[in-house]
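The values are calculated or read from the model by the stated rules, or taken from the named source; none is laboratory data. Computed from a prediction, not measured in an experiment: that's the story for all the values here. Cβ placement follows ideal geometry from the backbone for every residue including glycine, while neighbour counts extend to all protein chains displayed. Note: areas computed on protein heavy atoms with side chains; ligands, DNA, RNA excluded. Shrake-Rupley method; radii C 1.70, N 1.55, O 1.52, S 1.80 Å.
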Amino acid sequence: MSFTGRYELQSQENFEPFMRALGVPEDKIQKAKDLKSISEIVQDGKKFTLTVTTGSEVIKNQFTIGEECEFQMMNGEKKKIVVQMEGNNRLVAETKGAKSVTELNGDYITHTTTIGDITFKRISKRI
């Protein structure tokens, strides 16, 4: 199953508390919470390029399954992570204090990130 495609955000849960936990300034949270978000994923075997466009902000990350990479977080911070694939439709990454799971089911991607006791969930649909 290939992750390659463009996905539009359909719903999200706990956006504001999650952004506060990341240390994002309140004014930036309020501006971003209602913006349309498009994720584009290009998968070439074990290599992935993920580009997330929210309003005028673009975050682009590249990684290879099983190899350490530098990943730019939503707050602009960069962290070293290793992304693993579970089965053929699930990507899992863990870093100090955080776990991220991205699961592809048909035309939908569910992305869940947990930091401490806050879980941020985004559901996007292939467009």
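Take the residues in the range 73-84 that are within 27 Å of residue 106 (Cα to Cα) and either without any contact (Cβ under 8 Å) to a residue 24 or more places away in the chain or touching a Gly at 6+ places or on another chain (Cβ under 7 Å) (or both); name whichever of them is least open to solvent (accessible area, probe 1.4 Å). Full working, then the answer.
Residues of the range 73-84 that are within 27 Å of residue 106 (Cα to Cα), as a first pass: 73-74, 81-84.
Keeping just the survivors that are either without any contact (Cβ under 8 Å) to a residue 24 or more places away in the chain or touching a Gly at 6+ places or on another chain (Cβ under 7 Å) (or both) gives 81-82, 84.
Values: 81: 14, 82: 50, 84: 91 Å².
My answer is 81.
Among the numbered criteria (1) over 13 Å from the mean Cα position of the chain (by Cα); (2) without any contact (Cβ under 8 Å) to a residue 40 or more places away in the chain; (3) under 24 Å from residue 104 (Cβ atoms), which single criterion is violated by residue 63?
Going through the list (1) over 13 Å from the mean Cα position of the chain (by Cα); (2) without any contact (Cβ under 8 Å) to a residue 40 or more places away in the chain; (3) under 24 Å from residue 104 (Cβ atoms), residue 63 breaks only (1).
All but one of (1) over 18 Å from residue 122 (Cα atoms); (2) of a type in the set (Lys, Arg); (3) modelled with pLDDT of 95 or more hold for residue 78, so report the exception by its number.
The one condition residue 78 does not meet is (3).
Give the range 20-41 a look and list any residue that's closer than 22 Å to residue 99 by Cα, open to solvent by 70 Å² or more (accessible area, probe 1.4 Å) and either at pLDDT 95 or above or under 15 Å from the mean Cα position of the chain (by Cα) (or both), or say none.
40
Find all pairs meeting these conditions: Cβ atoms under 8 angstrom apart; at least six residues apart or on different chains; first residue within the range 97-115 and closer than 14 Å to residue 50 by Cα; second residue buried (at least 17 other Cβ atoms within 10 Å of the Cβ) and of a type in the set (Lys, Arg).
Pairs that qualify, where the first residue is closer than 14 Å to residue 50 by Cα and the partner is buried (at least 17 other Cβ atoms within 10 Å of the Cβ) and of a type in the set (Lys, Arg), are 111/122.
Out of all the residues in the range 76-127, which are part of a strand (DSSP E or B) and among the charged types (D, E, K, R)? Give the steps one after another, and end with the answer.
Taking the range 76-127 first, the residues part of a strand (DSSP E or B) are 78-86, 90-95, 98-105, 108-115, 118-126.
Matches in the range 76-127: 78, 79, 80, 86, 90, 94, 99, 103, 121, 122, 125, 126.
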